[in-house]
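For reference, the structure is listed below as structure tokens.
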Amino acid sequence: MASVEWVRPESVETALAALADRVGQAVAGGTTLLDLLKMGHRLPERFVDISRLPLDQIVETPGSFTVGALVSNTALANHAVVRTAFPVISEAILSGASQQIRNAATIGGNIMQVVRCPYFRSTDWPCNLRSPGSGCEAMRAPLHSHAILGTTADCIAVHPSDMAVALLALDAIVHMRTAVAAWMIPLSEFYLEPGRGGEARTALPRDALVTAIEIPRPVSAIRSGYLKLRGRASYEFATASVAAVLLYRNERVEAISVGLGGVATRPWRRQDAERLLVGRKLDEGSIDRFCDALLDDADVRPETGHKLALARGAVHRILRSLAAL
Amino acid sequence: MADALTIGLTVNGRGVEVEIDPRRSLLDLLRENLGLTGTKKGCDHGQCGACTVHVDGERRLSCLQFAAQMGGRSVTTIEGVTGDNGELHPLQKAFVQHDALQCGFCTPGQIMSALALLKEGCPTDAAGVRELMSGNICRCGAYENIVKAVQEVADGLR
Amino acid sequence: MSQMESAPNRVDAIVKVSGAARYAADAKPAGMLFALALRSPAARGRIKAFRLDAARNLPGVRAIFTHEDRDRLGWGSSPEVDALSGEVLGRAAMADAASQLPAYRPLLDAEIFFAGQWIAIVVAEQLEQARAALNAIEVDIERSEAERPDAVLPGPFFAGDMQHARDDQTDAGPEAVHMKATYSTPPQLHHPMEPSATTAVWDGDRVTLYDSTQGTQATRDYIARSLGIEPDKVRVLAPYVGGGFGSKNQIWPHQALAAHMARVLARPVRLQLTRPDMGVASGYRSETIQEVELAADALGRLKLLRHVSTMPTSLRGGFFEPCGLNSLMLYKAGRIEVSHRVERRAVATPTPFRAPGETPGSFALETALDELAVRLRMSPIDLRISNHADMDLYHQRPWSSNNLLECYRQGAERFGWPAGYIEPRSMTRGDLRIGFGMATTAYPAPALPASVRLVLRMGSALLVETSATDIGTGLRTILTQTVAEGLGIDTDRIEVRLGDSSLPNAPTAGRSKLTASVLPAAAQACRLLLQELECIDPVPAGDNATGPFERLERCGRREIVVEARSTGLPRDVPLSFYSFGAHFVKVEIDELIGRLRVKRIVSALDCGHIVNRKLAESQIRGGIIFGIGMALMEDAGRRAEDLRLLNDNLADYAVPVHADIPPIEVLFLEKPDPAISDIGARGIGEIGLPGLAAAIGNAVFNAVGRRCRSLPIPLATLAARPPRVDVEQ
């Protein structure tokens, strides 16, 4: 197939109708799709241009902050409420890509972004994500950028989103719709273990759209932040990153959540590890024990071992900083 | 051409109607369909910033924009920055004065990016400017002078 | 030398900031077709079969060329054609059996020499159609084991012995310290912002190439020979080139391929390399492994400097990094041994890349000197001063001028470098460790004969014409300045035309020689023009006010044309022409998260007279930023399994971005070279780069006690818990 059909639905309903036969591909900002198309990835028969649908609203209530899937990365990062109530989201978004890309990329597109593994991107290699069942070259010849957490026999590619890590740490909820149904699930259930859903890496069915991300409002005293480690100072994916949300009062952790990026096949969080810190004082020892639990199922190769030390260092640094230690 | 789409958009203030391949990028529309070669193809995969243009006033990478999604949009390229009488924009003048270029290939993208930054609200510190310009790579290394040029114009606007 | 405006703006800045400068891929002759290449996934093997029907039948596809089409293309191989190609540079030095075999050319036959080799080219009406066809090509390759022949010991290369040993008289006393260490640098890609492109358009039996090249006449000659036609039937135009750094210095087969395809298809063809093509089709800097052994007395005076370098080249090529060049002559030592070993491997042919040889070589040498200084608990500056060579002991000639000691002094003073030995891990700022590091840089200052023509014509700007290219160096501007000064006219009455093979001969831009080659020719042309004017319009004594345009009008001539040719380096005086400098670097390291930031760089340089300080600073900064990339992030390593390059794009191969750049202060000594020419200017395009990576690595050691012997410096190296100082062997 040498070409592709474009449809431009005027409403969410017509867009969902155009996706109902599972042949069409929704296109919002288009940055991921055009990039992969030029890499020689298979074209869908139909592009459904959703970029002008009315899914770009931000709705605030006392209990939650709901962002339409078509809100741009830039708009969300710069939103006054986000900067004050959820700085981890602003920091995560602004640390990612470049302003040009953040302007074009949508929230829905960001959480749906695909891995950067060269074996996936280039069609020269076997790749279970690009071509289910064909194999995984990264298993044979891993690179420094491959994952140490969430790896399966199917895939060890890192999920590259910064924003998704911040959203995970904030217990975000994903709203989805098809032509006949609407539902929501926690972001923690949105990402699937590689291989679990065939080639699907998310719980979004082929005939559905993400319509919004809802973020429960945290307690106002809570502090949050994002720390991203990488080889050059900007415009690069994370070697390791941490999104932390912390309520530390009277030298005790009252609430904590920590998401890891750059090191896992999906945004990573271990609530069992977080519970170890609740009620505790934060110091080098307690943070070390937390890291031990957070990283305990790390699957490390010689090429990727550096990510352990960097992830640990980043967790220490950001928790100390948020706790003003 | 089979499967061609016709889209209408505004480029540098003029309405145009173009027949394009549905797979075409905005960059190739500008360069190949409209002959506006000031916007450069440095990598074609959104990794260098040389193709930066404004879409509805926002800076975007034209190599990662489907032309098919540009219907009804307003695009500004480097050719639209110089005045009709050849008058340079203050930022272009500052680039010249500060030698904010060497080979010149990344320059249109740097200027389009910086013009948008000035509208977004330019940080007052050099580190902030550098961070928000980091999507534009310059292999010749004119970085410092680019930042000086941007800061001079930003200071002038404040 | 009269006073002139020392730093006028770049004369082509306005056209560049307006987007009006036209580069090779901006030309679009009517009927033009687009060409894209398919790269081999296998490093070694033979193509057994292509299946092209699916691709050929796609809309808009006009041709798919493979080696099976070589006759149709008139594409062949001969020593005469090879001789002008970047594929043969260095073969004379290698002088092995492989150097006698035909050089690599894509699409010659079924043999595959490296992963990434071009094996097919699609030509289509539109880019999307070419891309789709490329993806539809199927090819069967019979892979074979990539051979690993024994190393070759090459002969002289880049005007230096590659196997050299000598003893010199020094004041060094008994040996107090002896060290040996191995250093490694990774492969690096030039990645100029403009991917190479050639647009070929025929008109009868003549062809014009809009090309991105550093040398228009070298390109013309190669393409003419390849096509089997006279050079005067080929015209290469490169008025604007988006950077080269060496990747466009040699002539590559694809530049000729565009002309062959356009000829057989009878339509113009644009062949623009994709970013991944740039990693395999226009050369790169190869990896190196270098062993440096130093012995010194208690005062740091060298008794031994031994530098052994091993690097690869391709199976049929010849270029290798001459790492030992600075070790031959930069310092004084009792005994100097420099040797090189080259291993042929199934890889693409490397090529010169900004300061080839001196760049990786300086990393090893300047790091080793720092290790020596640490062992002696001595200032690294004092160590270098103790071993300063006050003449070129390799060539046995005095320097034309060497103010390196002044570079150390001025640079250290501007930087605020403390006297004495600075203990590692002794400086902090909050949680951050601070370190200082320095290194020497040195680079030859060649000059070759070059021609410049001046056309003084009524009603026109003063034309300055030469075939040379301005790849961002500012040659257009300094030529304008030279002629303005030489004729006493305003710069805005001058128009420089360059980058055109039909213009008077100038050498290729490379090895920092264009300024010293072209400017003297321009100055001489000015003198000839004034002499000519004097003949036909003698000026009464005391009349200095009448300019050349007025005199032309007065004497009734329409036009005067003169051409002058410079002579290259003065041959009658045995002098050694080099430029020198010193880099001083401050780093800050957050060990907890392995974050390194270069905070400040001061570089003091002795490059002779500086024609335009603003442009010269830009060149030096550019070289320094290449050094930052080399030290911290650039790595084009191939997979060991199959020698394939994965980092073939600008995301996976990191080059410095805005946020990586610290304040960089450039100090020029500006002492004119008394012998190189009346202008006294030496080339400056490359000298900013050597030594910079070592200075950063040395600063890292000073900050955290971790010695960096291999590049790039990995993040995790710095995340050290518990902190410790590397034990020196």
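The values are calculated or read from the model by the stated rules, or taken from the named source; none is laboratory data. Because the structure is a prediction, the values reported are computed rather than measured. Cβ atoms come from the backbone with ideal geometry, glycine included; neighbour counts cover every protein chain shown.
Can you list the helices (runs of 4 or more DSSP H) found entirely within the range C:474-583 that contain at least 3 residues being under 21 Å from C:PRO672 (Cα atoms) and free of Cβ contacts under 8 Å to residues at least 60 places away in the same chain?
C:475-487
For the range C:647-657, name all the residues that are within 7 Å of chain A (Cβ to nearest Cβ) and either buried (at least 23 other Cβ atoms within 10 Å of the Cβ) or at pLDDT below 95 (or both).
Within the range C:647-657, C:PRO656, C:VAL657 meet the criteria.
Filter the range A:131-174 down to the residues that are within 14 Å of chain C (Cβ to nearest Cβ) and under 12 Å from the mean Cα position of the chain (by Cα), then identify the one that is surrounded by the fewest Cβ atoms within 10 Å (Cβ to Cβ).
Taking the candidates together, the pick is A:PRO160.
Please determine, by comparing only the residues of the range A:59-71 that are over 17 Å from the mean Cα position of the chain (by Cα) and in a loop (DSSP other than H, G, I, E, B), which one is surrounded by the fewest Cβ atoms within 10 Å (Cβ to Cβ).
Among those residues, the one meeting the criterion is A:PRO62.
Do you know which residues across the range A:218-236 are surrounded by 16 or more Cβ atoms within 10 Å (Cβ to Cβ), closer than 19 Å to A:ARG269 by Cβ and not polar (S, T, N, Q)?
If the condition is that a residue be surrounded by 16 or more Cβ atoms within 10 Å (Cβ to Cβ), closer than 19 Å to A:ARG269 by Cβ and not polar (S, T, N, Q), then A:PRO218, A:ILE222, A:ARG223, A:GLY225, A:TYR226, A:LEU227, A:LYS228, A:LEU229 are the ones that fit.
Being part of a loop (DSSP other than H, G, I, E, B), of a type outside the set (S, T, N, Q) and touching a Gly at 6+ places or on another chain (Cβ under 6 Å) is the requirement here; does C:ILE625 meet it?
It is false that C:ILE625 is part of a loop (DSSP other than H, G, I, E, B), of a type outside the set (S, T, N, Q) and touching a Gly at 6+ places or on another chain (Cβ under 6 Å).
Looking at (1) in contact (Cβ under 8 Å) with a residue 40 or more places away in the chain; (2) on the phi > 0 side of the Ramachandran plot, find the lone condition where B:PRO90 falls short.
Among (1) in contact (Cβ under 8 Å) with a residue 40 or more places away in the chain; (2) on the phi > 0 side of the Ramachandran plot, the lone unmet condition for B:PRO90 is (2).
More than 27 Å from A:ILE93 (Cα to Cα) and charged (D, E, K, R), is that true of B:GLU144?
The answer is no for B:GLU144.
From C:GLY357, C:GLY317, which residue is more than 28 Å from C:ASP642 (Cβ to Cβ) and buried (at least 24 other Cβ atoms within 10 Å of the Cβ)?
Only one candidate qualifies: C:GLY357.
Is one or more of the residues making up the range C:257-267 touching a helix residue (DSSP H, G or I) at 6+ places or on another chain (Cβ under 6 Å), buried (at least 24 other Cβ atoms within 10 Å of the Cβ) and more than 14 Å from chain B (Cβ to nearest Cβ)?
The answer is yes; a qualifying residue exists.
Of everything in the range A:72-113 that's more than 20 Å from A:VAL245 (Cα to Cα) and surrounded by fewer than 21 Cβ atoms within 10 Å (Cβ to Cβ), which residue is nearest to the other protein chains (Cβ to nearest Cβ)?
Out of the qualifying residues, it is A:THR74.
Can you name the residue in the range B:142-158 that is buried (at least 24 other Cβ atoms within 10 Å of the Cβ) and within 14 Å of chain A (Cβ to nearest Cβ) and is also nearest to B:ARG60 (Cα to Cα) among such residues?
Only one residue tops the list, namely B:VAL150.
One line per residue, one yes/no per condition, for (1) aliphatic (A, V, I, L, M); (2) surrounded by fewer than 23 Cβ atoms within 10 Å (Cβ to Cβ); (3) under 12 Å from B:ILE78 (Cα atoms):
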residue	(1), (2), (3)
B:SER25	no, no, no
B:LEU29	yes, no, no
B:LEU34	yes, yes, no
B:THR39	no, no, yes
B:GLY46	no, no, no
B:CYS51	no, no, yes
B:VAL55	yes, yes, no
B:GLU58	no, yes, no
B:LEU64	yes, no, no
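Within the range C:271-281, can one find any residue that is surrounded by 20 or more Cβ atoms within 10 Å (Cβ to Cβ), more than 14 Å from chain B (Cβ to nearest Cβ), under 30 Å from C:VAL342 (Cβ atoms) and touching a residue at least 24 places away in the same chain (Cβ under 8 Å)?
Yes; the residues of the range C:271-281 include at least one that is surrounded by 20 or more Cβ atoms within 10 Å (Cβ to Cβ), more than 14 Å from chain B (Cβ to nearest Cβ), under 30 Å from C:VAL342 (Cβ atoms) and touching a residue at least 24 places away in the same chain (Cβ under 8 Å).
Residue by residue through the range B:87-134, note down the ones that are closer than 19 Å to B:LEU61 by Cα, of a type in the set (Ser, Thr, Tyr) and either within 9 Å of chain C (Cβ to nearest Cβ) or assigned to a loop (DSSP other than H, G, I, E, B) (or both).
The answer is B:THR107, B:SER134.
When the residues of the range C:151-201 are filtered to those that are of a type in the set (A, V, I, L, M, F, W, C) and in a loop (DSSP other than H, G, I, E, B), which remaining residue is surrounded by the most Cβ atoms within 10 Å (Cβ to Cβ)?
Ranking the candidates gives C:MET193 first.
Looking for something surrounded by fewer than 20 Cβ atoms within 10 Å (Cβ to Cβ) and out of contact with any Leu (no Cβ under 9 Å at 6 or more places or on another chain) - is there at least one such residue anywhere in the range C:467-479?
Within the range C:467-479 (the criterion being surrounded by fewer than 20 Cβ atoms within 10 Å (Cβ to Cβ) and out of contact with any Leu (no Cβ under 9 Å at 6 or more places or on another chain)), the answer is no, since none of the residues qualifies.
Test of understanding: among A:ILE222, A:ILE213, A:ILE287, which residue is more than 30 Å from A:GLY133 (Cβ to Cβ), among the aliphatic types (A, V, I, L, M), at pLDDT below 95 and in contact with a helix residue (DSSP H, G or I) (Cβ under 9 Å, 6 or more places away or on another chain)?
The match here is A:ILE222.
Between C:SER18, C:SER99, which is within 12 Å of chain B (Cβ to nearest Cβ), buried (at least 18 other Cβ atoms within 10 Å of the Cβ), touching a helix residue (DSSP H, G or I) at 6+ places or on another chain (Cβ under 8 Å) and not hydrophobic (A, V, I, L, M, F, W, C)?
None of the other options fit; the residue is C:SER18.
Going by the conditions given, is C:HIS178 touching a residue at least 24 places away in the same chain (Cβ under 8 Å) and within 14 Å of chain B (Cβ to nearest Cβ)?
Judged against the criteria, C:HIS178 is not a match.
Residues of the range B:71-86 being more than 12 Å from chain C (Cβ to nearest Cβ) and touching a strand residue (DSSP E or B) at 6+ places or on another chain (Cβ under 8 Å), which ones?
Of everything in the range B:71-86, those that are more than 12 Å from chain C (Cβ to nearest Cβ) and touching a strand residue (DSSP E or B) at 6+ places or on another chain (Cβ under 8 Å) turn out to be B:GLY71, B:GLY72, B:ARG73, B:SER74, B:VAL75.
Going residue by residue through the range B:112-133, is there one that turns out to be touching a His at 6+ places or on another chain (Cβ under 7 Å), buried (at least 24 other Cβ atoms within 10 Å of the Cβ), modelled with pLDDT of 95 or more and farther than 30 Å from B:ALA4 by Cβ?
Yes, the range B:112-133 contains a residue that is touching a His at 6+ places or on another chain (Cβ under 7 Å), buried (at least 24 other Cβ atoms within 10 Å of the Cβ), modelled with pLDDT of 95 or more and farther than 30 Å from B:ALA4 by Cβ.
May I ask you to verify whether A:GLY40 is assigned to a loop (DSSP other than H, G, I, E, B), facing chain B (nearest Cβ under 10 Å) and in contact with a helix residue (DSSP H, G or I) (Cβ under 7 Å, 6 or more places away or on another chain)?
no
Residue check, A:PHE65 against (1) in contact with a helix residue (DSSP H, G or I) (Cβ under 7 Å, 6 or more places away or on another chain); (2) farther than 30 Å from A:PRO218 by Cα, all met but one. Which one?
Result: A:PHE65 passes all but (2).
Among the residues of the range C:667-700, write down those that are outside any loop (DSSP other than H, G, I, E, B) and surrounded by fewer than 24 Cβ atoms within 10 Å (Cβ to Cβ).
Scanning the range C:667-700 gives C:LEU667, C:PHE668.
Restricting the range B:1-35 to residues that are in a loop (DSSP other than H, G, I, E, B) and more than 8 Å from chain C (Cβ to nearest Cβ), which is farthest from C:ASN649 (Cα to Cα)?
Among those that are in a loop (DSSP other than H, G, I, E, B) and more than 8 Å from chain C (Cβ to nearest Cβ), it is B:GLY13.
For the range A:265-325, list the helices (runs of 4 or more DSSP H) that sit wholly inside it and hold at least 2 residues that are touching a Gly at 6+ places or on another chain (Cβ under 8 Å) and within 11 Å of chain C (Cβ to nearest Cβ); which are they?
Output list reads A:306-322.
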